[in-house]
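Remarks on the structure that follows.
The values are calculated or read from the model by the stated rules, or taken from the named source; none is laboratory data. What you see is a predicted model; the values in this text were computed from it and never measured. Neighbour counts run over all protein chains shown; Cβ positions are idealised from the backbone, glycine included. Calculation scope for accessible area: heavy atoms of the full protein, side chains included, ligands and nucleic acids excluded. Shrake-Rupley method; radii C 1.70, N 1.55, O 1.52, S 1.80 Å.
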Amino acid sequence: PVALTRRAFEAVNQRDIDTVMSFFAPDAFLNGRALDEVYEGRAAIRGFLDEWFGYFAELRFEVEEFVVLDDGVVLAVVNQEGRLVGVDRQVHQREGWVICWSADGLLVRLTTRTDIDEARAAAERLAESRG
């Protein structure tokens with residue numbers, strides 16, 4: 001799961017949305033950000049990603065930490081650095097991402113939280129429920 005996760009982040013940092021989307025299962029689920037938005041399925045997730053990337057003239061994701069909780073659940077502590085379109089300063093956001101991979105190597109669930117401890121607890125619960 002770490003290798004898959006690293007490749008997905010490489011595609012994100014290259015803004016290669018087609019490759020990013022190839023990691024997602026057709027019925028994938030994304031729950032994230034401070035507003036607790038939920039996106040189900042590739043079309044909805046792609047719409048979110050297209051919109052998110054559209055806000056930024058520059059955007060980079062750096063993984064600070066990977067924790068593999070089982071053969072499909074990964075907690076990634078992620079730093080986003082970027083510059084919004086039309087703005088001349090950098091913005092930063094640190095999040096915990098709970099990533100769940102299927103046995104066939106597709107991303108089935110992605111949950112992002114601004115509270116790292118909350119994300120860590122969610123990852124542990126998810127891994128336990130799969131166990």
Could you tell me which residue of the stretch 8-36 is modelled with the highest pLDDT, considering only residues that are under 19 Å from VAL98 (Cβ atoms) and open to solvent by 50 Å² or more (accessible area, probe 1.4 Å)? ASP27
Here are some conditions: (1) within 26 Å of ASP18 (Cα to Cα); (2) surrounded by 15 or more Cβ atoms within 10 Å (Cβ to Cβ); (3) not hydrophobic (A, V, I, L, M, F, W, C). GLU124 meets all but one. Which one does it not meet? (1)
Pairing a residue in the stretch 5-34 that is touching a residue at least 24 places away in the same chain (Cβ under 8 Å) and farther than 23 Å from THR114 by Cβ with any residue that is open to solvent by 50 Å² or more (accessible area, probe 1.4 Å) and assigned to a loop (DSSP other than H, G, I, E, B), where Cβ atoms lie under 9 Å and the two sit 6 or more apart in sequence or on different chains, gives ALA25/ASP104
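Give VAL98, VAL73, VAL77, VAL85 a once-over and let me know the one that is of a type in the set (A, V, I, L, M, F, W, C), modelled with pLDDT of 95 or more, touching a strand residue (DSSP E or B) at 6+ places or on another chain (Cβ under 6 Å) and exposed (fewer than 12 other Cβ atoms within 10 Å of the Cβ).
Working: VAL98 fails: exposed (fewer than 12 other Cβ atoms within 10 Å of the Cβ); VAL73 fails: exposed (fewer than 12 other Cβ atoms within 10 Å of the Cβ); VAL77 fails: exposed (fewer than 12 other Cβ atoms within 10 Å of the Cβ).
Step by step, each of VAL98, VAL73, VAL77, VAL85 is checked, and only VAL85 is of a type in the set (A, V, I, L, M, F, W, C), modelled with pLDDT of 95 or more, touching a strand residue (DSSP E or B) at 6+ places or on another chain (Cβ under 6 Å) and exposed (fewer than 12 other Cβ atoms within 10 Å of the Cβ).
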